[in-house]
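The values are calculated or read from the model by the stated rules, or taken from the named source; none is laboratory data. As the structure is a computational prediction, the values presented were derived from the model and not from experiment. Reconstructed Cβ throughout: ideal geometry from the backbone, glycine too, with neighbour counts over all protein chains shown.
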Amino acid sequence: MGEHENLHIMNLYAPQDLKGRKELWDEVIRLKAIKQGIWIIQGLEEVVTTTYNSVITFGRPDAAFAAKLRAVKGALKVWIAEQKALNEEDLTRNAEMARLLEEKAELEPVTEQEIDELILCQQLLSKVLIKEEPDSWKWVGSMDGLFSVKGLKNRVSSTAAPPPLPAFFYGGRMSLSLCGLLVIILPALIAAIFAPLSYASTSSFMSESIVPKPRHSHLFKSALQQENLKEQKSDLWTPLVNQGWKPCIDSTSTFSSLPKSSGYIQVFLDGGLNQQRMGICDAVAVAKILNATLVIPYLEVNPVWKDTSSFEDIFDVDHFMNVLKDDVSIVRELPDEYTWSTREYYASAIRSTRVKNAPLHASANWYLEYVSPVLESYGIAAISPFSHRLAFNNMPVDIQRLRCKVNFEALTFVPHVINLGDMLINRLRYVSEITSPHDNGVGMKYLKKVVDMKGVKAVGKFVVLHLRFDKDMAAHSACDFGGGKAEKKALAKYRKAIWQGRVMNSRFTDEELRNQGRCPLTPEEIGLLLTALGFDNSTRLYLASHKVYGGEARISALRKLFPQIEDKKSLASAAERAKIKGKASLSAAVDYYVSMHSDIFVSASPGNMHNAMVGHRTYLNLKTIRPNMALLGQLFMNKSMNWLEFQAAVVEGQRNRLGKIKIRKERQSIYTYPVPDCVCQQA
């Protein structure tokens with residue numbers, strides 16, 4: 001080894017967790033840097049030594065040595081797979097913890113210092129050039145770059161000046177955890193394998209779960225090159241023609257004043273904004289049925305988003321009461337004699353004034369039979385739970401029209417929501433010469449009209465896209481979204497934690513779910529749908545979604561097809577969004593308002609937002625794309641279909657789903673299908 005060289009022998013037993021293993025190898029590298037010479041490192045006793053000694057061989061020593069190495073190599077593969085599984089579990093837990101912390105951070109008020117730091121970080125990041133390279137690990141132990149017994153023996157037996165010794169290279173750069181580490185015998189070889197493969201498994205897991213592979217690459221590549229026909233594109237942007245209906249919500253009653261009230265009705269509404277909106281409409285209708293006075297509904301705190309916004313925080317109460325003043329009596333608060341009737345009062349014990357057994361879709365007669373006696377006895381009745389507690393069928397015409405009047409006329413948002421919504425709409429229809437929305441809100445001083453250079457699309461048009469692809473939706477659907485085994489495992493764990501595994505869809509295969517149209521469209525799939533319909537990359541899209549599962553990585557395919565994607569954060573500064581920060585319901589209210597003023601609305605899957613938009617836009621005869629989920633599920637499973645075939649099938653399947661009015665069927669929601677209850681036929 002040379003008479004002037006030092007020999008260092010180290011025996012290691014590494015921790016089994018990734019963090020501890022990294023810390024150990026960092027310390028080894030530090031020691032190696034200050035202690036020059038040749039290092040012999042041995043360890044991983046349970047995997048290497050046990051396997052090596054357990055192999056009984058006969059014959060030539062070199063053949064026996066090779067057999068033992070092959071056995072060790074096989075044992076290492078098993079060990080690495082086990083470590084990868086452990087690392088994946090750790091990363092899944094960490095990802096979930098990060099998600100919860102991020103949600104908590106969203107609820108915290110931002111300080112001016114934090115805003116300044118964020119802007120500084122964005123400026124620094126804008127100067128960073130990120131070179132995308134695939135993660136790869138390669139053993140460089142012989143001239144051909146492959147591991148071999150011959151190469152190892154040459155290293156051990158060589159008496160000449162030592163050539164560059166074996167090392168692992170990562171993504172074309174030598175791994176820092178092994179840089180300069182001299183390894184000359186078998187235990188050191190194992191040590192060299194030991195640490196970096198743990199990092200490789202981490203990288204592999206992250207790329208699998210956070211950057212899902214495109215599921216429809218054959219269609220996606222064609223869509224990127226697609227040039228749509230002008231006549232098809234112009235048809236998309238053409239407003240709907242008059243379909244023979246007009247809003248009709250006036251009462252048929254001839255009474256000039258409201259009769260004496262029978263008492264006070266309280267309701268406690270859970271769910272998100274759009275579910276609560278429907279509950280408010282039903283509450284007004286029930287108050288009318290019972291001839292009671294409605295107390296402004298109480299909005300429960302959503303257990304997921306923790307939004308404490310009240311009715312008054314979201315909706316214009318004065319407008320609400322004024323529009324309905326001739327239909328039903330409404331008060332902001334209970335009189336002093338009933339102030340004891342609170343949510344806390346009903347949560348602490350069984351109360352005779354609470355009605356908690358209202359069945360789903362109860363009839364008007366049920367309320368007259370079971371709630372009227374409570375009002376007569378106590379002068380107040382609190383109904384909880386109340387969501388979906390009023391039927392859509394066999395209701396008097398005036399009750400149906402009143403529900404429509406509440407939904408489409410009485411419920412308007414508070415001024416600051418409307419102001420922010422108008423600002424976003426203006427910035428969607430016009431392009432600022434200053435591109436950053438983070439310049440203290442003054443970036444929109446100079447405006448210019450958005451003009452399609454092809455002269456096809458009318459000035460300033462935009463599409464609102466509601467992805468509805470949050471983690472709850474992805475998990476509850478039980479569908480496969482292309483994120484690999486890690487994503488499936490993570491979503492299965494989430495289902496178990498949130499719904500204790502009681503999800504009906506999990507009984508079906510992914511193919512069965514897609515054939516039935518039960519899988520929400522991914523951002524990639526909704527992008528392919530829009531492209532097939534004729535939208536090109538000049539189309540401005542506004543994302544009306546609180547959060548997309550998978551983040552920017554999941555949206556990347558959609559962004560490649562439609563680079564002009566905007567949302568609240570890209571269009572408005574932090575200061576302009578301050579009043580809705582951490583308020584999921586107010587954020588949803590802004591999205592609702594912008595959606596109602598868009599040229600076209602499309603949702604990636606059915607849900608409360610989709611249903612609310614379909615109903616409200618139908619009432620106003622606005623164009624809304626309703627994806628044919630069952631058809632699209634079948635098309636996306638057909639891997640042999642080329643782009644032209646896919647496009648033709650999409651256009652044909654969506655022919656009557658671009659805003660054509662659908663008559664409400666029995667038991668369908670009046671809030672999704674307002675025809676014929678909320679409209680009258682024009683002469």
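Each row is one residue, and each column tells you yes or no for (1) in a helix (DSSP H, G or I); (2) of a type in the set (Val, Ile, Thr); (3) crowded, with 18+ Cβ neighbours inside 10 Å.
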| residue | (1), (2), (3) |
| --- | --- |
| 602 | no, yes, yes |
| 612 | yes, no, yes |
| 630 | yes, no, no |
| 635 | yes, no, yes |
| 649 | yes, no, yes |
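Give the residues of segment 359-386 that are hydroxyl-bearing (Ser, Thr, Tyr) and farther than 13 Å from residue 285 by Cα, sorted by residue number.
370, 372, 377, 378, 384
Can you tell me how many residues in segment 659-668 are more than 12 Å from residue 243 (Cβ to Cβ) and buried (at least 16 other Cβ atoms within 10 Å of the Cβ)?
Result for segment 659-668: 1.
Given the conditions (1) closer than 20 Å to residue 388 by Cβ; (2) at pLDDT below 95, and given that residue 289 satisfies all but one, which numbered condition is not satisfied?
(2)
Looking at segment 448-457, can you tell me whether even one residue there is at pLDDT 75 or above and among the charged types (D, E, K, R)?
No - not one qualifying residue is present in segment 448-457.
Here are 630, 604, 612, 589: which of them is touching a strand residue (DSSP E or B) at 6+ places or on another chain (Cβ under 6 Å), in contact (Cβ under 8 Å) with a residue 60 or more places away in the chain and within 26 Å of residue 670 (Cβ to Cβ)?
One residue alone meets the criteria, 589.
Which pairs turn up if I take residues in segment 261-273 that are in contact (Cβ under 8 Å) with a residue 60 or more places away in the chain and look for partners that are surrounded by fewer than 18 Cβ atoms within 10 Å (Cβ to Cβ) and aliphatic (A, V, I, L, M) with beta carbon separation below 8 Å, at least 6 apart in sequence or on another chain?
If the second residue must be surrounded by fewer than 18 Cβ atoms within 10 Å (Cβ to Cβ) and aliphatic (A, V, I, L, M), the pairs left are 264/331; 264/334; 266/334.
Looking only at helices (runs of 4 or more DSSP H) that fall completely inside segment 463-571, which ones have 1 or more residues that are buried (at least 16 other Cβ atoms within 10 Å of the Cβ), acidic (Asp, Glu) and free of Cβ contacts under 8 Å to residues at least 60 places away in the same chain?
510-515
Would you call residue 283 farther than 23 Å from residue 588 by Cβ, under 38 Å from the mean Cα position of the chain (by Cα) and in contact (Cβ under 8 Å) with a residue 24 or more places away in the chain?
When the stated conditions are applied, residue 283 does not pass them.
Go through segment 589-600 and give me each residue that's in a loop (DSSP other than H, G, I, E, B) and surrounded by fewer than 24 Cβ atoms within 10 Å (Cβ to Cβ).
Selection gives 597, 599.
When you scan segment 419-429, do you find a residue that is at pLDDT below 95 and more than 24 Å from residue 593 (Cβ to Cβ), even just one?
no
Please work out which one of (1) modelled with pLDDT under 95; (2) over 19 Å from residue 281 (Cβ atoms) is the condition residue 601 fails and give its number.
Looking at each condition in turn, residue 601 falls short on (1).
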